[in-house]
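The structure that follows is given in the form of C-alpha cells.
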Amino acid sequence: MPRPERSPARATRAALAAVAALLLFAGCGGEDPEPSAAPPLPAGHAGVASPSGAAAAFNPCDAVDADAVSAALGSPLRLERGTTTNVRCSLLPAEEGKPTFELSYLWFDDGLAAAWETMDVPAGRVRTPRIPGADDARVVVNESAEAYAVSAFLQNGTLIQTVNALALAPYDGPRVDRAVETLLTQLSAGRHGT
C-alpha cells in the first residue's frame, strides 16, 4: 500500500524525528556512561544482541578522516569524540548552519536485513550503495525545502554502524550524499565485525 504524500514541513519534522529515533536505536551520543552496552533491539525483533558487543566497544571516530569528509562535503568539519565515559562521534561544521553528522554503532547478530524489517524506517528515498568490505549498506534520504536528512546504515559482520546527517536550507544534497558515502567507506575500511 503506497504511503500518503506529506507536506514539506511535515516531511521535515518526520525526518528530524526519524533521525532522533535512529540515534536512539543505535545508542549514539546519549548520557549513557556504558558505551559498550548494547542498546535495546528494534521493537518486535526476536533476535539477540551479540554477546561479543560488550568486549568490543570502540569509537567510530577511530576510522574517520575529517579532512576527506570535509573535502567531499565542500565545507570544513571538526571531529567531536566525546570522552572515555561518554563516547560520542560527531562531525560538526566549522561554519554555523552547515551540515552535521552523528555516527554510532550496535552489535547485532542477525544483521542489517533482519533489523531493517523491524525498524520504523523513515519515509524517503532508499538506496543500497556498494561499500567496499561491507556486507550490507542502506541509505534513506528525506528531502524538503527546509532540510535534507540522511540516515545511513552499514553492516560488517555483526557490527551495524549508522551515519545520520542533517543539512538545513540552503543545502547541497549531492554533496551531503558524497560526504555520507565517504564516511561509510571509511567506517567499513576501519572496522569489520566478527
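Compute the relative contact order of the stretch 61-169 as a whole-number percentage, counting only Cα pairs closer than 8 Å that sit 6 or more residues apart in sequence.
Value for the stretch 61-169: 22 percent.
Moving to a separate point now. Between VAL126 and ARG175, 0.36 nm times their residue separation minus their Cα-Cα distance comes to what?
Stretched out fully, the VAL126 to ARG175 stretch lengthens by 15.9 nm.
Arrange the following residues from fewest to most other Cβ atoms within 10 Å of their Cβ: VAL140, VAL64, VAL121, VAL126.
Going from sparsest to densest Cβ surroundings: VAL126, VAL121, VAL140, VAL64.
What does the charge add up to near ARG130, with Lys and Arg as +1, Asp and Glu as -1, over the other residues with Cβ less than 13 Å from its Cβ?
Working: positive: ARG127, ARG138; negative: ASP135, ASP136, GLU181.
For residues surrounding ARG130, the net value is -1.
Along Cα→Cβ, 7 Å out, is where each label goes; now give me the distance between the ones at ASN86 and PHE58 in nm to one decimal.
So the two model labels end up 2.5 nm from each other.
For the stretch 151-161, take each phi angle, set θ = phi - 60°, evaluate the Karplus expression 6.51 cos²θ - 1.76 cosθ + 1.60, and give the result in whole Hz per residue in order, putting x for glycine and proline.
Working through the residues one at a time gives 10, 10, 10, 9, 10, 10, x, 8, 9, 10, 10 Hz.
Sort TRP107, TRP116 so that the residue with the fewest other Cβ atoms within 10 Å of its own Cβ comes first and the one with the most comes last.
In increasing order of surrounding Cβ atoms, one gets TRP116, TRP107.
Values quoted throughout were computed directly from the atomic coordinates according to the rules given, and no laboratory measurement underlies them. Keep in mind that what you see is a predicted model, and the values were worked out from it rather than measured. Ideal geometry is used to build each Cβ from the backbone, glycine not excepted, and the neighbour counts take in all protein chains shown.
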